[in-house]
Amino acid sequence: MRTLINNLEFVLTVDANNRVLRNASVVIDGDRIAETGPATQISGSFDKVIDGSRYGMTPGLVDSHVHLGETLSRAVFPDVVTTHAWVFNWGKPFYAHTSARDEQVGALVSMAEMLRCGTTCFLDMGAHNDVAGIVRGMDEVGIRGITGRHACDVRPKEPPAGWTEEMVAHHYFPNAREALRALEETVKEFNGAAGGRVRAWVNIEGKEPDSSLELHIKSRALAEKLGVGTTYHLATTDNEARSSQKKYGMSPVKRVAVNGGLGANLVIAHCVAVTDEDVALMAKAGTGAAFCPACSLKLGKGATKIGKYPEMLAAGMRLGLGTDGVSAGGNLSMMRQMYLMAGMFKDARLDATLVGAQKALRMATIEGAALLGWDDEIGSIERGKKADFVLFDLDHFEWVPYGDPLQAVVYSASPASIAQTWVDGRALYRDGKVQTIDEKSLHAEARERASAIVKRAGLAQGRTPTVSHVYD
């Protein structure tokens, strides 16, 4: 099917030259972009013509770090806890009482929210229960993304309240060898599913104390052997970095580096507490990082104080943006992450030239796609690429009036002015609803399941500890 979107007010191509097309048209042939250019120069026979005169187009947004299984915990955990307590006193108990169906419902809600927010592709940390259920959900919704199986291999001697033996047995493997065997099986079973829209990686939880150095090193090596990527959490907080320095005499990143663990197929999530030496090591190895601005602000990770993201960019590191999850970061809006990334280091360092709108948009599109190894197919509006894009309603108050569409997208717009989100040549979100699922019934089920999980887990602000001593 050939579709013409005619007379678009602008197209932010985010190609190598950051071209901005005005009064443009885009031709979609099946699942790919067949042609772009001035509206006056594009003609032919089309099965469908869409009037784009009050629309602006950008590439679909790419979420470089997200936990799909976290969505049913929206606004459940307090906002006064550190990352350590958040994970072990709140996150793990929540996951411990989440069934496979709970997780699938949460993932479906996540994907619907993403489409409403203009996200067309994501890197999920991995299923806590049933990878097959997540993959089925991705296939049903029609979104593009990478998932995997949750894994770590260092169990705490005394699990905190709310943990279950079933969760511990499923999440924590006896050793790295067994974890890697399960991860390899997951990649072989699910990589390339849904006609290639779904990919599977060798993802682990990462960072001490959950994951051994052996698992960090060998997960990347296994991913390389399988021709895929791996992602894990590392250097997530100053406490983690100081602990590594005290125990090993080096930072978490350097410890992985000197043991041969860095590489171009590795995406480090958060990567907040790093040194200049760490940045140089990652840049040399081609290792990428996924920065989650909203999560850093909510959990007090210290990105504006100790983060070296401008230095990473200057060193040529591949750097993407992530939402992390609705509990850790508030919501799944990549537009929020762009806004924060564009401005937070200007303010933190009193330098208005840092990052800015163009770089933030690239991090949320083409550079995020490169991080996921998908930039040959997505991330920019160019002939031959997949038809993954967002249409903004320029009659929405956020756009009335506007001058520079780039600045308007990053600083003025929000998901409220998104009219349509396309993936693989299909308008998955349009007319105010996600077209492939029944959101109303899904929301009802999600509310019921979320309440039941919290009750089973015994989570309650004022009762559940906000300080954790697990692994101390």
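Observations on the structure shown:
- When residues of region 72-111 are limited to those that are among the polar types (S, T, N, Q) and modelled with pLDDT of 95 or more, the one most open to solvent (accessible area, probe 1.4 Å): SER99
- Unique residue being surrounded by fewer than 21 Cβ atoms within 10 Å (Cβ to Cβ), farther than 22 Å from ARG144 by Cβ and over 19 Å from the mean Cα position of the chain (by Cα) when the list is GLU382, GLU398: GLU398
- Flag if SER327 is under 18 Å from HIS233 (Cβ atoms) and modelled with pLDDT under 95: yes
- Region 64-118, subset in contact with a Lys or Arg (Cβ under 8 Å, 6 or more places away or on another chain) and of a type in the set (Val, Ile, Thr), residue nearest to TRP201 (Cα to Cα): VAL105
- Any hit, region 460-468, residues being within 26 Å of ILE143 (Cα to Cα), open to solvent by 20 Å² or more (accessible area, probe 1.4 Å), part of a loop (DSSP other than H, G, I, E, B) and touching a residue at least 12 places away in the same chain (Cβ under 8 Å): no
- Taking the numbered list (1) closer than 28 Å to SER414 by Cα; (2) touching a Phe, Trp or Tyr at 6+ places or on another chain (Cβ under 9 Å); (3) open to solvent by less than 10 Å² (accessible area, probe 1.4 Å) in turn, GLY52 passes all entries but (2).
- Among the conditions (1) closer than 26 Å to ASP376 by Cβ; (2) assigned to a loop (DSSP other than H, G, I, E, B), the only one that SER43 does not satisfy is (1).
- All of GLY44, GLY69 fail the test of being in contact with an Asp or Glu (Cβ under 9 Å, 6 or more places away or on another chain), closer than 26 Å to MET341 by Cβ and at pLDDT below 95, apart from GLY69.
- Every residue from region 329-353 that is surrounded by fewer than 19 Cβ atoms within 10 Å (Cβ to Cβ) and over 22 Å from TRP86 (Cα atoms): LYS346, ASP347, ALA348, ARG349, LEU350, ASP351, ALA352, THR353
- Lone unmet requirement of (1) among the β-branched types (Val, Ile, Thr); (2) in a loop (DSSP other than H, G, I, E, B); (3) under 24 Å from SER417 (Cα atoms) for VAL109: (2)
- Candidates are the residues of region 419-428 that are open to solvent by 10 Å² or more (accessible area, probe 1.4 Å) and touching a Lys or Arg at 6+ places or on another chain (Cβ under 8 Å); the one that is farthest from ILE143 (Cα to Cα) is ALA419.
- Highlighted here are the helices (runs of 4 or more DSSP H) found entirely within region 203-304 that include at least 1 residues which are open to solvent by less than 50 Å² (accessible area, probe 1.4 Å), closer than 30 Å to GLU189 by Cα and touching a Cys at 6+ places or on another chain (Cβ under 8 Å): 213-226.
- Pick from region 145-174, criterion acidic (Asp, Glu) and either modelled with pLDDT of 90 or more or within 28 Å of PHE122 (Cα to Cα) (or both), ranking: surrounded by the fewest Cβ atoms within 10 Å (Cβ to Cβ): GLU165
- A residue that is aromatic (Phe, Trp, Tyr) and assigned to a strand (DSSP E or B) occurs somewhere in region 157-178.
- Qualifying residue in region 304-322 (condition: at positive phi and in contact with a strand residue (DSSP E or B) (Cβ under 7 Å, 6 or more places away or on another chain)): no
The values are calculated or read from the model by the stated rules, or taken from the named source; none is laboratory data. None of the values given here were measured: they were computed from a predicted structure. Heads up, the Cβs are rebuilt from the backbone with ideal geometry, glycines too, and the neighbour counts pull from every protein chain shown. Remember, those area values only see protein heavy atoms, side chains included, never the ligands or the DNA or RNA. Shrake-Rupley method; radii C 1.70, N 1.55, O 1.52, S 1.80 Å.
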